[in-house]
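This report concerns only the one structure given below.
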Amino acid sequence: MYIIIPIKQVPETGDVQMDKESGTMIRSGSKSIVNPLDLYALEAGLRLKALHGGRVIAITMGPVSAVKALKEALSMGCDEALHLSDRAFGGSDTWATSYVLSKAIEKLGKPDLIITGERATDGDTGQVGPALASWLDMTLVSYVSSLEMEDGNHLLAERLIEEGYQKVRATLPAVLTVVKEIACPRLPTLAGKKRSMVTPIPVWTAMDIEADPACIGLKGSPTRVVKIESPSVSRHCKVVHALDDASTADAVEQLFSFLEERGLAPLKGGQHA
Amino acid sequence: MHEVWIIAEENEGKIKEISYELLARGRALADTLKVELGSVVLGHCIQPSGLDALIAHGSDRLYVVDDKALATFSCERYALVLESLITTQKPQIVIAGATTMGRTLMPYVAVRTHAGLTADCTELGIEEGSGNLLQTRPAIGGNIMATIKTPNHRPQMATVRPRSTRALPIDLQRRGLIEYIPFLREWDDGRLEVLGLRKPEGQQLSIEEADMVVSGGRGMKKRDNFQLIERLARLFGAQVGASRDAVDRGWASYPHQVGLSGKTISPRLYLAVGISGAVQHLAGIKTAGCIVAINSDEHANLLDIADFAIVGDLFSILPQIERHLEQRSKV
């Protein structure tokens, strides 16, 4: 099985504190990590490889520093990594990003599977995975929560949708976007880390993938950011204390008058106003 | 004139609530632009009453494709139909729900139509002068609001966060045109076959669709205590949510997880019990209508974005709330 896993380097949000004055994010040391939701894609790919053999290639588009994300993918067990890096890619929206990735994947050779995380925790669009399926005309299976191969040409999967878990059969080649339930990501091993140090990571530019200059970077992106604002952080929380029976009863009374004022208190039998 | 479109959603022939929310958004845009508002309805055995309801909620025109092949969502087929409709009718704006369907279908179609697409918007407007669609969405974990436009490509496409607006009141006097479009065999791409649906026990609605969500976190201390959350949710007529911590400990299953690695939700009421509010959790609830916290720690992050908080021992507070709710339901 030949699997490609596109990953993204994102700022770590775990340690992020909010500046209460300006409402902006204080990025403590602005540490970069592999998008946490991509780790599930990597795990799903590595498990398929363990079961069915083949190779797993991690790719990313990003600045020079993004090579760190690829090294982590290698140390988890990916066989190869590919870095797409070019100033001309800067400012790409999801349309242009998915175009660049699809051109690189075409050059690598179309895989049996592309597996992506559901979305990245910074941009939070979740658009690149489905867009890749569209560019490459591969079957799209989004929100995959479990997965098995039926035969060499089909896979069986469950998709987590609003109504529950939808069971599907998909014809390969396919693009899967996976949710957290798919598997628990492994940690990099020491041997993997060593291997990641010596595995060469090729860097491809726009020229290497024969990208149309009109389709990449800011110029190739249909969308434009008009403005960025910081929403006010505080909602002016009304705080009441429940210290003993009497103050607890009072706090609960206050809660319900608060909810009633806003038409949020349930009426009879759990019905709403 | 180029219309504004919404992509309606249906399940087993019934129109879903998100469709009416989208119509409220679309109506405002269409009125500003002085154009008609169209709804694309794809499905099978779609109830006529549902089509009437789309008109009563603000649609001027319906494009209905009803075929067995469209009974459940398959991106390949839906995209072929939508792409063909967009190419022939040339709408200027197409909006869909930021649901599992909308977030799958729209990026796929945007590639084919070379359209600009913005995900999970919470506000839409029209730029004065240019008439461009202004799409506002939370980004970087809800810490900033970005406004985005698509100046040179049509259609302009967006997915809209469910529950971020309310449907318009029904107007039975409204008239609309229903156009039935026959399903073409060339749209019948069968690479994805739907085999069935497994419903998780006890869950009626997904938390993204819920009007109210009652969530529990680490403060619940152990799995058995999580039943308090489930009971409270039932009394509120709410759905059960959980922090990542509670899900990782196995107190609730993943579909209930709220936050960056779970679901981003916008209920009218979010009641967070024993959740301190990691940045990732806050990102998932920032656009909720009203946030209530019950927590032992006055300095918990969640209080920064809550509207009302009770600080104290939740195991004393919850029984009092339950008693209060039970009395109310008897009145």
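Laboratory data are not the source of any read-out in this text; all were calculated from the coordinates shown. Everything quoted here is computed from the prediction, not taken from an experiment. Reconstructed Cβ throughout: ideal geometry from the backbone, glycine too, with neighbour counts over all protein chains shown.
Over the range B:167-302, the Kirkwood radius and the radius of gyration, each from Cα atoms, give a ratio Rg/Rh of 1.14. Scanning residues 5 or more positions from B:L197 or on other chains, those with amide H under 5 Å from its amide H are A:K167, with H placed 1.01 Å from N in the peptide plane.
Can you give the % of DSSP beta bridges in the range A:2-215 that are antiparallel, to the nearest 5? Expressed as a percentage, antiparallel bridges in the range A:2-215 total about 45. Mind running the shape call on the range B:1-114? Use the C-alpha gyration tensor, a ≥ b ≥ c as the square roots of the eigenvalues: rounded below 1.5 for a/c, prolate if a/b tops b/c, oblate otherwise. Cα axes put the range B:1-114 in the oblate bin.
Along the charge dipole of the protein assembly as shown, pointing to its positive end and built from +1/-1 on Cβ of Lys, Arg, Asp and Glu, which listed residue (B:L82, A:P200, B:Q239) has its Cα farthest out? So the residue we want is A:P200.
In vacuo Debye scattering of the range B:200-260, one point per C-alpha: log10 I(q)/I(0) at q = 0.17 Å⁻¹? Normalising to I(0) and taking log10 leaves -0.47. When only the Cβ of Lys, Arg, Asp and Glu is charged (+1, +1, -1, -1), the dipole of the protein assembly as shown relative to its Cα centre reaches about 740 debye. Along its three principal directions, the equivalent ellipsoid of the range B:226-331 from the Cα gyration tensor extends over semi-axes of 21, 16, 14 Å, largest first.
Compactness of chain B was expressed as the Cα radius of gyration divided by 2.2 N^0.38 Å, which yields 1.07. Backbone phi angles across the range A:154-161, fed through the Karplus curve with coefficients 6.51, -1.76 and 1.60 (θ = phi - 60°), yield HN-Hα couplings of 9, 10, 10, 9, 10, 10, 7, 10 Hz in residue order; Gly and Pro are listed as x. What fraction of the DSSP beta bridges in the protein assembly as shown is antiparallel, stated in percent and rounded to the nearest 5? Counting DSSP beta bridges with both partners in the protein assembly as shown, the antiparallel share is about 35 percent. Taking a ≥ b ≥ c as the square roots of the eigenvalues of the Cα gyration tensor, chain A is classed as prolate, since a/c reaches at least 1.5 and a/b is larger than b/c. For the segment B:68-79, counting C-beta atoms of other chains within 10 Å of every residue's C-beta and taking the mean gives 3.
Across the range B:100-227, the convex hull enclosing all Cα atoms gives 246 Å³ per residue. How large is log10 I(q)/I(0) at q = 0.23, 0.24 Å⁻¹ when the Debye formula is applied to the Cα atoms of the range A:154-258, each weighted equally and without solvent? For the requested q values the scattering log ratios are -1.12, -1.16. Pairs of Lys residues in the range B:4-187 are counted when their Cα atoms are under 29 angstrom apart and they lie 8 or more places apart or on different chains; the count is 10. Given +1 at the Cβ of Lys and Arg, -1 at the Cβ of Asp and Glu and no other charges, the dipole of the range A:149-273 around its Cα centre is 640 debye to the nearest 20.
A simple rule links phi to the HN-Hα coupling: the Karplus curve 6.51 cos²θ - 1.76 cosθ + 1.60 with θ = phi - 60°, which for the range B:102-114 gives x, 7, 8, 5, 5, x, 5, 6, 4, 4, 5, 9, 6 Hz, with x for Gly and Pro.
When the Gaussian network model of chain A links Cα atoms closer than 10 Å, the mean-square fluctuations of A:C184, A:C215, A:C78 top out at A:C184. Residues whose amide H lies under 5 Å from that of B:C121, counting only those 5 or more places away or on a different chain, are B:T159, B:V160, B:R161; hydrogens are built 1.01 Å from N in the peptide plane. Geometric descriptor of the protein assembly as shown, per residue, is 158 Å³ (volume of the convex hull of the Cα atoms).
When restricted to Cα atoms, the range B:175-214 yields an Rg and a Dmax of 18.2, 46 Å, respectively.
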